[in-house]
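Data block below; observations after.
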Amino acid sequence: MQATEQAIRQVVQEVLAQLNKGGAEKSVASRDGDWGVFKDVDQAVAAASEAFEKLSDAGMDARRKAIECVRQICDSQAEELGTLEFNETKIGRLDHKIEKLKIIKLVPGTEFIRTDAFSGDNGLTIVEYAPFGVIGAITPVTHSLPTLAGNVINMVASGNTLIVNPHPSGARIACEGVRRFNKAIHKATGLENLITIIEQPTLETAAAIFAHRGVKLLCVTGGPAVARAALESRKKAVVAGPGNPPVVVDETACLENAAKSIVKGAAYDNNLLCIGEKEVFAVESIFDTLMVRMGQQGGYQLSAREVDALTKLAFTPPTKPGDHWHLNRDLVGSDATKLAELIGVRVPAGTQLLFGETDVNNPFVPEEQMMPFVPFVRAKNVNQAIELALEYEHGFRHTSLIHSRNVQTMTKMGKAVDTTLFIKNGPSMAGLGLGGEGYLSFSIATPTGEGVTNPLTFTRSRRCVLVDSLRVI
Ligand code: NAD
């Protein structure tokens, strides 16, 4: 009898514990949005502000644990999350969507936070890198969750919290990522809402974030319109803007490596990367051989007639003087095989990139096409190739590349184009620590000059001075 009573008591206690647990989870969800996902900007900023205070109290160890949750989820759930992103955005390549999440672990975190010190006869001064508070982040459709995850790692490492306005066409995956990150962070640290996000983002919610008094810094990753809006905003903004990366190939280059690198960089995620090779200026003397090497490295050369047909599908001509060509967004991020099919060309299975000879009047040269066709333009010599690269990079100062063994030529181009990333003898991703030295980020701040963002990008420098004391020498 006694044993039965005890067993019943135990069952009742277990049920109550379960109910309490469920209740606690529910209260977090309902009080503070759905694990960081909010309908309203004011509520999201309020939650992120409260989270900022708590993160400040929790210290460096909590930041470290939170970042580890994001890295771990991106690595272990990459297949599932990459597939969700691919199915929602319908652009790029599934294998690369998955890979872009797997490599999130390469984005630097708290290990980048340091303290500088000056010590002398007048005492000791330290310079610490402090957080801003709540950061408003705008993310692109081309890498919705990878950009968000990379921003979270950088920004939380430096003690900030976030409100994110994702691209509407990649919002579902961004919200799903935020829910998963916040749940794991809550479990690991007890902290809630380090990341908040707007469930149905619009230009109005972006404007509300830009103007909100509770948002202390903006970080905008996207094309010309949003970059302009951020530069015009009254807040400090870290702007990762558009690019149109030119590639120069001179007569001294290893053509096999040049072709291999151009195919690898331009075909990655169907040329969605802002750093991806978008147009090539190759000198006359090696031009034809380079085209043959491109074909040997997985590219497929289109004839002049086929290039013309693709151009007509990919762009609408300007309608008034001063206007530019308009990109057909339906083709952005399409497979090379699909682009070929649309113009009636059957390419070998596994073709990653289409390419063809054009002149500079073809819109594929000036416009950021974000699809796997790369125009190749003949230059009479390397000086002309560099001049064209400078012209068609449009002064974005984003990314440029050269294939050459001549150090003087490399230096000349580096000085002339003045880009944030300048990559020599490798594919564009080498500029982000993928096959080149350096670290990874999906937000490369170009017009505002911070470069490949890292945790220190999102800090305020604070000097703390102790006069005439504390030195031990
Ligand atoms: P996009 O400009 O269409 O959208 C980017 C983000 O800005 C989205 O969240 C969008 O909703 C928002 N947005 C657009 N116009 C806005 C406005 N007027 N006010 C406020 N928000 C606005 O770009 P996309 O197609 O998502 O991404 C591709 C573009 O982003 C390319 O130009 C690419 O070069 C650039 N990009 C740059 C970097 C970098 O690190 N520099 C990284 C990725 C992408």
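Assorted remarks:
- Here is the figure for region 402-453: residues that are in a loop (DSSP other than H, G, I, E, B) and farther than 25 Å from CYS219 by Cα total 8.
The rows are residues; the columns are (1) touching a Cys at 6+ places or on another chain (Cβ under 8 Å); (2) closer than 27 Å to ARG114 by Cβ; (3) among the polar types (S, T, N, Q).
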position: SER144; (1), (2), (3): no, no, yes
position: ASN151; (1), (2), (3): yes, yes, yes
position: SER158; (1), (2), (3): no, yes, yes
position: LEU162; (1), (2), (3): no, yes, no
position: GLU176; (1), (2), (3): no, no, no
position: ARG180; (1), (2), (3): no, no, no
position: ILE185; (1), (2), (3): yes, yes, no
position: ASN193; (1), (2), (3): no, no, yes
position: ILE197; (1), (2), (3): yes, no, no
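- The set of residues in region 126-154 being without any contact (Cβ under 8 Å) to a residue 60 or more places away in the chain and aliphatic (A, V, I, L, M) consists of VAL141, LEU148.
- Any hit, region 456-463, residues being more than 12 Å from the ligand (Cβ to nearest atom), outside any strand (DSSP E or B) and of a type in the set (Gly, Ala, Ser): no
- Flag if GLY123 is touching a residue at least 24 places away in the same chain (Cβ under 8 Å), small (Gly, Ala, Ser), away from the ligand (no atom under 16 Å from the Cβ) and surrounded by fewer than 16 Cβ atoms within 10 Å (Cβ to Cβ): yes
- The helices (runs of 4 or more DSSP H) found entirely in region 143-245 that carry 3 or more residues being more than 15 Å from the ligand (Cβ to nearest atom) and surrounded by 23 or more Cβ atoms within 10 Å (Cβ to Cβ) are 144-157, 171-189.
- Odd one out for GLU387, checked against (1) of a type outside the set (A, V, I, L, M, F, W, C); (2) open to solvent by 70 Å² or more (accessible area, probe 1.4 Å); (3) not in a helix (DSSP H, G or I): (3)
One line per residue, one yes/no per condition, for (1) outside the structural domain of ILE197 (by TED's automatic domain parsing); (2) under 24 Å from ALA267 (Cβ atoms); (3) at pLDDT 95 or above; (4) more than 19 Å from the chain's Cα centre (by Cα):
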{"residue": "ALA24", "(1), (2), (3), (4)": "no, no, no, yes"}
{"residue": "SER27", "(1), (2), (3), (4)": "no, no, no, yes"}
{"residue": "GLY33", "(1), (2), (3), (4)": "no, no, no, yes"}
{"residue": "GLU50", "(1), (2), (3), (4)": "no, no, yes, yes"}
{"residue": "ILE67", "(1), (2), (3), (4)": "no, no, yes, no"}
{"residue": "ARG71", "(1), (2), (3), (4)": "no, no, yes, no"}
{"residue": "LYS90", "(1), (2), (3), (4)": "no, yes, yes, no"}
{"residue": "LEU101", "(1), (2), (3), (4)": "no, yes, yes, no"}
{"residue": "VAL107", "(1), (2), (3), (4)": "no, yes, yes, no"}
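Matching residues to (1) of a type outside the set (A, V, I, L, M, F, W, C); (2) more than 15 Å from the ligand (Cβ to nearest atom); (3) in contact (Cβ under 8 Å) with a residue 24 or more places away in the chain:
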| site | (1), (2), (3) |
| --- | --- |
| MET371 | no, no, yes |
| PHE376 | no, yes, yes |
| ARG397 | yes, no, yes |
| ILE402 | no, yes, yes |
| PRO427 | yes, yes, yes |
| GLY436 | yes, yes, no |
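- Lone unmet requirement of (1) open to solvent by less than 10 Å² (accessible area, probe 1.4 Å); (2) away from the ligand (no atom under 16 Å from the Cβ); (3) assigned to a loop (DSSP other than H, G, I, E, B) for ALA258: (3)
- Pair list, Cβ under 9 Å, 6 or more apart: region 212-230 residue at negative phi, other residue within 7 Å of the ligand (Cβ to nearest atom) and open to solvent by 70 Å² or more (accessible area, probe 1.4 Å): ALA229/LEU203
The values are calculated or read from the model by the stated rules, or taken from the named source; none is laboratory data. Bear in mind the structure is a predicted one, so any value in this text is a computation, not a measurement. Don't worry about glycine lacking a Cβ; one is built from the backbone with ideal geometry, like all the others, and counts go over all protein chains shown. Ligands, DNA and RNA are excluded from the accessible area calculation, which covers all protein heavy atoms including side chains. Shrake-Rupley method; radii C 1.70, N 1.55, O 1.52, S 1.80 Å.
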